[in-house]
């Protein structure tokens, strides 16, 4: 079961990373470089592995939902900050 989850995480993250690769072939609006792919890959894999860890180790369903929700919210906040700098932190290069 553990290997199946890891495989699903890898396939899902790879699929999501393939979207900008394909978009770059058709438009100049998407302009990612290697660093962008490395950071987003780390963010996707880290989020997936964190959620997998929580699902395996935490016992109650309520706690699983709360912790996974926090992880997903943090993922979206980091993603938005890196993409457009919505919070204006130096983290995004502002």
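Every number here is computed from the coordinates shown, using simple stated rules; none is lab data. Note that the coordinates shown come from a computational prediction; the quantities given were computed from them, not determined experimentally. We place every Cβ from the backbone using ideal geometry, glycine too, and count neighbours over all the protein chains shown.
Kindly evaluate residue 28 against the criterion of being free of Cβ contacts under 8 Å to residues at least 24 places away in the same chain and within 26 Å of residue 7 (Cα to Cα). It would help to see each step written out before you state the result.
Numbers: free of Cβ contacts under 8 Å to residues at least 24 places away in the same chain: yes; within 26 Å of residue 7 (Cα to Cα): no.
No; evaluated as a whole, the condition is false for this residue.
If I go through region 41-70 residue by residue, how many of them are in contact with a helix residue (DSSP H, G or I) (Cβ under 6 Å, 6 or more places away or on another chain) and outside any helix (DSSP H, G or I)?
Summing the residues that are in contact with a helix residue (DSSP H, G or I) (Cβ under 6 Å, 6 or more places away or on another chain) and outside any helix (DSSP H, G or I) in region 41-70 gives 1.
Surrounded by 12 or more Cβ atoms within 10 Å (Cβ to Cβ), without any contact (Cβ under 8 Å) to a residue 12 or more places away in the chain, at positive phi and touching a helix residue (DSSP H, G or I) at 6+ places or on another chain (Cβ under 6 Å) - does that describe any residue in region 73-88?
Among the residues of region 73-88, at least one is surrounded by 12 or more Cβ atoms within 10 Å (Cβ to Cβ), without any contact (Cβ under 8 Å) to a residue 12 or more places away in the chain, at positive phi and touching a helix residue (DSSP H, G or I) at 6+ places or on another chain (Cβ under 6 Å), which makes the answer yes.
Hey, can you tell me all the residues within region 1-30 that are under 22 Å from residue 76 (Cβ atoms) and not in a helix (DSSP H, G or I)? Step through it out loud before you land on a result.
So in region 1-30, the residues under 22 Å from residue 76 (Cβ atoms) come out as 5, 8-21, 23, 29-30.
The answer is 29, 30.
Please state which one of 13, 23 is farther than 19 Å from residue 81 by Cα, touching a residue at least 24 places away in the same chain (Cβ under 8 Å) and either more than 14 Å from the chain's Cα centre (by Cα) or surrounded by 14 or more Cβ atoms within 10 Å (Cβ to Cβ) (or both).
Working: 23 fails: touching a residue at least 24 places away in the same chain (Cβ under 8 Å).
The unique qualifying residue is 13.
If you scan region 55-72, which residues turn out to be closer than 22 Å to residue 14 by Cβ and surrounded by 14 or more Cβ atoms within 10 Å (Cβ to Cβ)?
68, 71 - these are the residues of region 55-72 that are closer than 22 Å to residue 14 by Cβ and surrounded by 14 or more Cβ atoms within 10 Å (Cβ to Cβ).
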